[in-house]
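Working notes, beginning with the structure itself.
The values are calculated or read from the model by the stated rules, or taken from the named source; none is laboratory data. Given the structure is predicted, the values throughout are model-derived calculations rather than measurements. In this analysis, Cβ positions are derived from the backbone assuming ideal geometry, glycine residues included, and neighbour counts consider all displayed protein chains.
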Amino acid sequence: MSATLAEKIIARAAARPSVTPGEVVTARVDLAMIHDSGGPRRVAPILKELGVGLWDADKVVLISDHFVPGDTEEGATILRLTRDWARKTGVRFHDGEGICHVVLPESGQLQPGFFVVGGDSHSPTGGAFGAFMFGIGATEMAGVLATGEIWVKVPETILIEWRGALNPGVMAKDMMLALCGRLGMDGGRYQAIEYTGTAIKALGMQERMTLANMAAELGGQVGLIAPDETTSAFLRQVGADVPDFCDLKTDAGAATADHHIFDASALAPQVAAPHSPANAMDALAAEPTAVNVAYIGACTGAKYTDLAAAAAILRGKRLAPGVELLVAPSSKRDQDRAAEEGIMGVFESAGAKILPNACGICAGYGTHRLDAGVTCISSTARNFRGRMGDKDSRVWLGSPLTVAASAIRGQIADPREML
Amino acid sequence: MGRIFLLGDDIDTDQLAPGQYMRGGIEALSAHCLEAVRSDFARDVRPGDILVAGKNFGAGSSREQAAEALRFLGLSAVIARSFAGIFYRNAVNLGLPVLVAPSVDGIDEGDEADVDPRAGLLRLTVKRRELALEPMPENLARIIADGGLVAHLKKRFAEAR
């Protein structure tokens, strides 16, 4: 019987021969990922109330990223609590290595076909590896940590096919902003989004992660990409096992809810105006909008690939007067690689300030929140009012290339003019 | 038994749990529940009352307080043409019955009604009419009947011991 990728993963996790969209099944999770903000401080009291410990400490991954580097009193206290809990429980702990959605796959623990929950709304990122991974709240996470199980309503699959090929200067982020504009932030209806097509196939893993990550902004439960040789190359590189995943794909005859087709070759660099990712438009149409802050950060927009893209624009150039460029590489591993290749040096020469490998301004944490009146162009996923600082700050979203080009110009700029 | 409060489409989590009151605890937050759409909602609503809404109820953020506020105010159920996914999960896990109605035609503001989540029925007691809802899946109805996920698990662990 033909099935979608989402149905196959859920059926396996629920120990069922097959599942049908709309039915509610109980699935066993292969991994549960939590961070310092929604993790120990929230789930430990519930576990205590239940009077139970973890169902399997080896399947729990704790990553500190929200309150790193702990430069506030509140942050330092939460990090201490997080570290104590990690020691006590023996979970897998990655401390100060970067943002959870990037650190998890880099740690080699995420496998195609896994059924995974994350205590964070950007958790669909894991779908780039062909894992059914979605975000849940603290109460549900406590339930998972206690039982290893969670209920799931089998989603329909919405196919998003990108034909053709991206032009130079256009990135996965531009695809996602365009999709948010076209389909709206509830276009995903909490169903399974699956990205297919030649333009997706051509993307590297970190670009695919950007697509999966922003399935959340499309309102999908998950954002899946069927694993292929690009996936196995990444897994080998991080020292992970490469499972046999030849059946991890949506069968040709499987029933899907929608099938949207887009032409990657026709896509121009996008920006989203304040205060919604759905306010997407061509970057050219937003010129000239003056910016004071340019931010390259977050799980969505500061992975190695994002840093390399931005550096290609910034090399040998200086920031526009009055513009501050802040760069918070998503992970230590990505920053180290960027440093080895001279990419971090490009940022420094251009006059950028380098921030810790953490969620930072994107989640409104840390000491660099945006002030009232500031206009920021950001490589992050969300530009809701007040999210990155004062409610009277304005955030535009763009690709790392667009952010870099805008930092040089001092106003929103189409990066293709600078390649 | 309670009264129907009728709302439109796309009621979002900021309307249910306004961001600026999030730090004040659930009681203070609930006093502002839905005030952007009905300024007197928190004052008027009584335990047992039922919310009936259109499409995409609970859209927006993943904050659990959106469902928690409705439960705190004593709503016996939310009936909508459709729910945003994370809100639906949170409501079940916090013990708030959430039911999908194929149509909300014939339901009026102020109607006296009661809901049977397992059977998927809304009874309009004065109008003497019954409306079919999509029944809640049995495993979710059980979580709700136990009072939410934490209470449900407590019971399950107690039975296992």
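Below are the figures for this structure:
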quantity: Residue count for the range A:141-173, restricted to those that are part of a helix (DSSP H, G or I) and among the hydroxyl-bearing types (S, T, Y); calculated: 1
quantity: Any pair with Cβ under 9 angstrom, 6 or more apart, that starts in the range A:363-385 at a residue that is without any contact (Cβ under 8 Å) to a residue 24 or more places away in the chain and ends at one that is surrounded by fewer than 16 Cβ atoms within 10 Å (Cβ to Cβ) and basic (K, R); calculated: A:A372/A:K391
quantity: Residue satisfying condition, being under 16 Å from the mean Cα position of the chain (by Cα), surrounded by 15 or more Cβ atoms within 10 Å (Cβ to Cβ) and at positive phi, within set B:G85, B:G95, B:G74; calculated: B:G95
quantity: From A:G223, A:G219, A:G184, residue being free of Cβ contacts under 8 Å to residues at least 60 places away in the same chain and under 21 Å from B:G60 (Cα atoms); calculated: A:G219
quantity: Subset of the range B:99-120 [surrounded by 20 or more Cβ atoms within 10 Å (Cβ to Cβ) and free of Cβ contacts under 8 Å to residues at least 40 places away in the same chain]; calculated: B:L99
quantity: Residue among A:A290, A:A192 that is modelled with pLDDT of 95 or more and under 23 Å from A:P112 (Cβ atoms); calculated: A:A192
quantity: Criterion: among the acidic types (D, E), within 27 Å of A:Q221 (Cα to Cα), touching a Cys at 6+ places or on another chain (Cβ under 6 Å) and crowded, with 19+ Cβ neighbours inside 10 Å - qualifying residue of A:D65, A:D36, A:D30; calculated: A:D65
quantity: Residues that are among the aliphatic types (A, V, I, L, M) and buried (at least 17 other Cβ atoms within 10 Å of the Cβ), drawn from the range A:6-23; calculated: A:A6, A:I9, A:I10, A:A11, A:A13, A:A14, A:V19
quantity: Candidates A:G366, A:G360, A:G398 - the one that is touching a strand residue (DSSP E or B) at 6+ places or on another chain (Cβ under 9 Å) and at positive phi; calculated: A:G360
quantity: Listing of helices (runs of 4 or more DSSP H) fully contained in the range A:322-419 that carry 3 or more residues being surrounded by fewer than 18 Cβ atoms within 10 Å (Cβ to Cβ); calculated: A:332-340, A:343-350
quantity: Residue match in the range B:52-62 (condition: under 12 Å from the mean Cα position of the chain (by Cα), surrounded by 15 or more Cβ atoms within 10 Å (Cβ to Cβ), more than 14 Å from every other protein chain (Cβ to nearest Cβ) and under 21 Å from B:V98 (Cβ atoms)); calculated: yes
quantity: Residue, nearest to the chain's Cα centre (by Cα), within the range A:363-382, restricted to residues that are more than 14 Å from every other protein chain (Cβ to nearest Cβ) and within 21 Å of A:A310 (Cα to Cα); calculated: A:T380
quantity: The range B:98-119 - residue that is away from chain A (no Cβ under 13 Å) and either acidic (D, E) or under 10 Å from the mean Cα position of the chain (by Cα) (or both) and, of those, farthest from A:M185 (Cα to Cα); calculated: B:E112
quantity: Positions within the range A:68-88 being over 22 Å from the mean Cα position of the chain (by Cα), buried (at least 19 other Cβ atoms within 10 Å of the Cβ) and in contact (Cβ under 8 Å) with a residue 40 or more places away in the chain, in sequence order; calculated: A:G75, A:I78, A:L79, A:T82, A:W85, A:A86
quantity: Candidate set from the range A:122-138 (those that are under 10 Å from the mean Cα position of the chain (by Cα) and within 14 Å of chain B (Cβ to nearest Cβ)); member that is surrounded by the most Cβ atoms within 10 Å (Cβ to Cβ); calculated: A:P124
quantity: The lone exception for B:D14 - which of (1) out of contact with any Gly (no Cβ under 7 Å at 6 or more places or on another chain); (2) assigned to a helix (DSSP H, G or I); (3) surrounded by fewer than 19 Cβ atoms within 10 Å (Cβ to Cβ); (4) not basic (K, R) it fails; calculated: (1)
